[in-house]
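Only one structure is covered here, and it is reproduced in the block below.
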Amino acid sequence: MIKRPTRVALALATSAAALLALSACVPNNPTSSDDSKALTVDSSKTACDVSTSTAPSGTLSFSIKNTGDQVSEFYLLADDGLRIIGEVENIGPGISRELVVQAKPGDYFTVCKPGMIGAGIGKTAFTVTDSGTDLAATGDDATAVAAAATNYVAYVKDQVEGLVTSTDTFLDAFRSGDVEKAKSLYATTRAAYERIEPVAESFGDLDPKIDFREADVEAGTEWTGWHRIEKDLWPPAAADNGGKTYVALTDAERTKYADLLKTDTASLNEAVHASDYTVSIDAISNGATGLLDEVASGKITGEEEIWSHTDLWDFQANLEGARVAYEGVRDIAEPKDAALVKQIDGEFTSLETLLAQYGSLDKGFKYYNELSTTEIKSLSDGVNALSEPLSKLTAVLVG
Amino acid sequence: MTTPPAPDGRGLSRRGLFSLAGAGVVGAGLGVGITAAVTQSTASTIRATDSFTFYGKHQAGIVTPAQDRLHFAAFDVSDITRAELAELLSDWTYAANRMTAGLGAGPYGPTSGPYEAPPDDTGEALDLPPSGLTITFGFGPTLFDSRFGLASKRPDALIDLPHFPGDALQPALVGGDLCIQACSDDPQIAVHAIRNLSRIAFGRASLRWSQLGFGRTSSTTRAQATPRNLFGFKDGTANMRAEDTAEVNKQIWVNAGDGADWMTGGSYLVSRKIRMTIETWDRTSLHEQETVIGRTKGEGAPLSGGSEFTEPDFSTLGREDKPLIDEKAHVRLAHPTSNKGAEILRRGYNFVDGNDDLGRLNAGLFFICFQRDPRTQFVPLQLNLAKNDAMNEYTRHVGSGIFAVPPGASSGRPIGAGLFD
């Protein structure tokens, strides 16, 4: 492969550049931390003691220890004493947690909230002096964040609406026993589901009904959904079925499983159309990583579509879904960490190009069992190359 | 300092000796007593010179302070007779008694004996101290089929494990007629034990699967610090400890009247080879990691507050009245209060078996637990975890075994003698 050395060289170049950048502002001794920026907070029953009331601008790290007896919270507030710059919630008694923020020069307040109610205690002025550190823009991106959520919810609704319609077409073929037609529709119909899989998984009991593999099912519980139908469309030989001869579903059983999948898909559609349904920005960003984790743990191993071997269709759909989620928050992240965004952009393109060598949703892909170990490994490497920087996106967005 | 009981005078069977040293030496050197003085330790740190006596009411390697290294092996018994099976167990007892005392597997040792015969010990443990070696034997369900007339001896508690949701078991890593758990602070000592015991078994039993482990993932005594698993979290904070005698008697040892009489004083071992998808795990936020486990990554304190050994409070609520310890957190689901009081003694090890075809480390936890009855302990616990545990996203069970671990041996009563009474 010609591609790999290029990527390694790039990665090295990036690290070298990062090291150079760091060496300009970090003490040479790697064991000593920059004390002026490492702050401690003692959140007790009656006070909120910060180790210092001034710090130089840049990355500040507050280590908050809850020495009280109630669940506590810590806030860094803007000069109006209201707007939240950074917060840590759910600190159990005795527990320590860190808050890492990019602080610009200015006036702030620190405050703790033991018991999680009221205005908090120990509200104290906190000053950030100008250290000359070039800070990434933060700005107020409330509008952009709200827009990202609205757009992503619209995308989810659109995908699920499409899924409802295409699933009906697929199930009609399956019910009527038109095996060839059902097989030809199977993988492309599932794509809409795979694009928004983490959303479906967030609705507790729906994903198990719709998308469980046979091995996921507890003894005594009925196995339903896409993969139940998959097995009937691509019936396994006895050797691949625990030594047992596979018995095809009867007409009545086909109708039953088709009806169940229709119902469960309709429930999913209702859930995403609920008036109070929304997503947070970190859920969108984590959803992108989650989709690639799905690829890494199920598709790249051929376990998701064990009978149809249409794993690359799912891979493509997961990747498309991850791309949409990423694009929705990309512009919010870019001013904060342009290098990371650039890296993610590049890796998305690389992986999309690599996967396109094996087909497309329109024309079909190579089946998983036709891929060589080398081909699978190069796809897996591509997933890792994208997932690693992508996993850093959420912290940038909410930081 | 105590002197271990001398091994019984019968020594190795002709067949066992044949395996070790060839036929030429039969009759020579049988019954050489163990003369080396050894110490038995229950201290927190096992010293290299420490050894644990093989004979006893219970087998060693269960409540013994967990050593740092493991070599676990499962065997298929060959087409042999009932008497030959008994003889194998007798030979294994003989060799295990010697090796745990720091001696060679056979009477001559690695550098003595007839010059034209292969040595009766393989030699890699030469010059090394016993390093806390324990050797623990167990019997799988398949040993009780029709081959050896043992069907009526099968304890009810030695069930065939059910399918757990998400199981991805590989047949080559499952089951076995017999098992041997060898633990030591020196990996070479543990490997030496399995190597010599499998050599003794050639022709009578052969390796089905085996597993090396490092970095014990549980403490079994109060004085041991809690180690970490490959997720980077402390593992086994709430494990049962040898000092909790009443609990150990109630939850670990088979009591008289529990079922099969020959198992009284024994225990049941369940092993699970759990692959961890560490590449995916390493990409999750610290927040998510702590939420999945239910404890802090640093100290290991429950998220409800306190320090490592503070009892978790599952009712403590945080923002939006959500519990600080998530409903799907591992610590909640594995806790006795979520499992009708059932506990197990965990004695697992980390493993890294190189890497897979995709360039990912083939890494995880080789889980071992002991209990009085798997039907009310491991099985309901694992069902609960397999269905609900948030950690399942990062784990995959690929190997599995269940074994009846008989009580300890004594002079003239080899391991498993009760099977043949």
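The values are calculated or read from the model by the stated rules, or taken from the named source; none is laboratory data. Values in this document were obtained by computation on a predicted structure and should not be read as measured data. When we count neighbours, we look across all protein chains shown, and the Cβ atoms used for this are built from the backbone with ideal geometry, even at glycine. The protein model used for the area step is the full one, side chains on, heavy atoms only, and it has no ligands, DNA or RNA in it. Shrake-Rupley method; radii C 1.70, N 1.55, O 1.52, S 1.80 Å.
Only one of these conditions is not met by A:Q343: (1) within 14 Å of chain B (Cβ to nearest Cβ); (2) in contact (Cβ under 8 Å) with a residue 12 or more places away in the chain; (3) not acidic (D, E). Which number is it?
Answer for A:Q343: the failing condition is (1).
Just name the residue that is surrounded by the fewest Cβ atoms within 10 Å (Cβ to Cβ) out of those in region A:203-220 that are more than 13 Å from A:E304 (Cβ to Cβ) and within 8 Å of another protein chain (Cβ to nearest Cβ).
A:A219
Going through region A:278-293 one residue at a time, which ones are at the interface with chain B (Cβ under 10 Å from one of its Cβ atoms) and open to solvent by 10 Å² or more (accessible area, probe 1.4 Å)? Even if it seems obvious, please write down each step before you answer.
Looking only at region A:278-293, we keep the residues that are at the interface with chain B (Cβ under 10 Å from one of its Cβ atoms), and these are A:282, A:286, A:289-290, A:292-293.
Answer for region A:278-293, where residues must be at the interface with chain B (Cβ under 10 Å from one of its Cβ atoms) and open to solvent by 10 Å² or more (accessible area, probe 1.4 Å): A:D282, A:N286, A:T289, A:G290, A:D293.
Could you look through region B:277-300, keep only residues that are among the hydrophobic types (A, V, I, L, M, F, W, C) and away from chain A (no Cβ under 11 Å), and pick out the one that is surrounded by the fewest Cβ atoms within 10 Å (Cβ to Cβ)?
Per the stated criteria, the residue is B:I278.
Could you check A:Y358 against (1) open to solvent by less than 50 Å² (accessible area, probe 1.4 Å); (2) closer than 25 Å to A:N151 by Cβ and say which number it fails?
With respect to (1) open to solvent by less than 50 Å² (accessible area, probe 1.4 Å); (2) closer than 25 Å to A:N151 by Cβ, A:Y358 is out only on (2).
Using the structure shown, decide if A:L163 is more than 19 Å from A:T59 (Cβ to Cβ), touching a residue at least 60 places away in the same chain (Cβ under 8 Å) and surrounded by 18 or more Cβ atoms within 10 Å (Cβ to Cβ).
Working: more than 19 Å from A:T59 (Cβ to Cβ): yes; touching a residue at least 60 places away in the same chain (Cβ under 8 Å): yes; surrounded by 18 or more Cβ atoms within 10 Å (Cβ to Cβ): yes.
Yes: the conditions hold for A:L163.
Where residues in region B:246-272 are touching a Leu at 6+ places or on another chain (Cβ under 9 Å) and open to solvent by less than 20 Å² (accessible area, probe 1.4 Å), which of them is nearest to the other protein chains (Cβ to nearest Cβ)?
Ranking the candidates gives B:R272 first.
When only residues in region A:304-328 that are within 14 Å of chain B (Cβ to nearest Cβ) and under 23 Å from B:H397 (Cβ atoms) count, which is least open to solvent (accessible area, probe 1.4 Å)? If you could, list the steps in order and put the result at the bottom.
Narrowing region A:304-328 to residues within 14 Å of chain B (Cβ to nearest Cβ): A:304, A:306, A:311, A:315, A:318, A:322.
Next, from what is left, pick out any that are under 23 Å from B:H397 (Cβ atoms): A:304, A:306, A:311.
Details: A:E304: 18, A:I306: 90, A:D311: 1 Å².
Within region A:304-328, the match that is least open to solvent (accessible area, probe 1.4 Å) is A:D311.
Would you please list the contacts, defined by Cβ atoms under 7 Å and residues six or more apart or on different chains, that run from a residue in region A:179-202 that is of a type in the set (G, A, S) to a residue that is outside any helix (DSSP H, G or I)?
As it stands, the answer is A:A187/A:S308; A:A187/A:T310; A:A191/A:L361, since those pairs meet every condition given.
Can you tell me how many residues in region B:335-376 are among the polar types (S, T, N, Q) and closer than 30 Å to B:P406 by Cβ?
Result for region B:335-376: 4.
Of the residues that make up region A:108-131, is at least one open to solvent by 50 Å² or more (accessible area, probe 1.4 Å), in contact with a Leu (Cβ under 7 Å, 6 or more places away or on another chain) and either modelled with pLDDT under 95 or outside any loop (DSSP other than H, G, I, E, B) (or both)?
Yes, because at least one residue in region A:108-131 is open to solvent by 50 Å² or more (accessible area, probe 1.4 Å), in contact with a Leu (Cβ under 7 Å, 6 or more places away or on another chain) and either modelled with pLDDT under 95 or outside any loop (DSSP other than H, G, I, E, B) (or both).
Considering region B:236-252 alone, what residues qualify as being more than 20 Å from B:E299 (Cα to Cα), part of a loop (DSSP other than H, G, I, E, B) and free of Cβ contacts under 8 Å to residues at least 60 places away in the same chain?
The initial filter retains those residues of region B:236-252 that are more than 20 Å from B:E299 (Cα to Cα), namely B:242-252.
Checking which are part of a loop (DSSP other than H, G, I, E, B) leaves us with B:242-244, B:252.
Passing the criteria: B:E243, B:D244.
Conditions first: (1) within 13 Å of chain B (Cβ to nearest Cβ); (2) more than 22 Å from the chain's Cα centre (by Cα). A:T301 passes all but one, so which condition is the exception?
Evaluating A:T301 over (1) within 13 Å of chain B (Cβ to nearest Cβ); (2) more than 22 Å from the chain's Cα centre (by Cα) leaves (2) as the failure.
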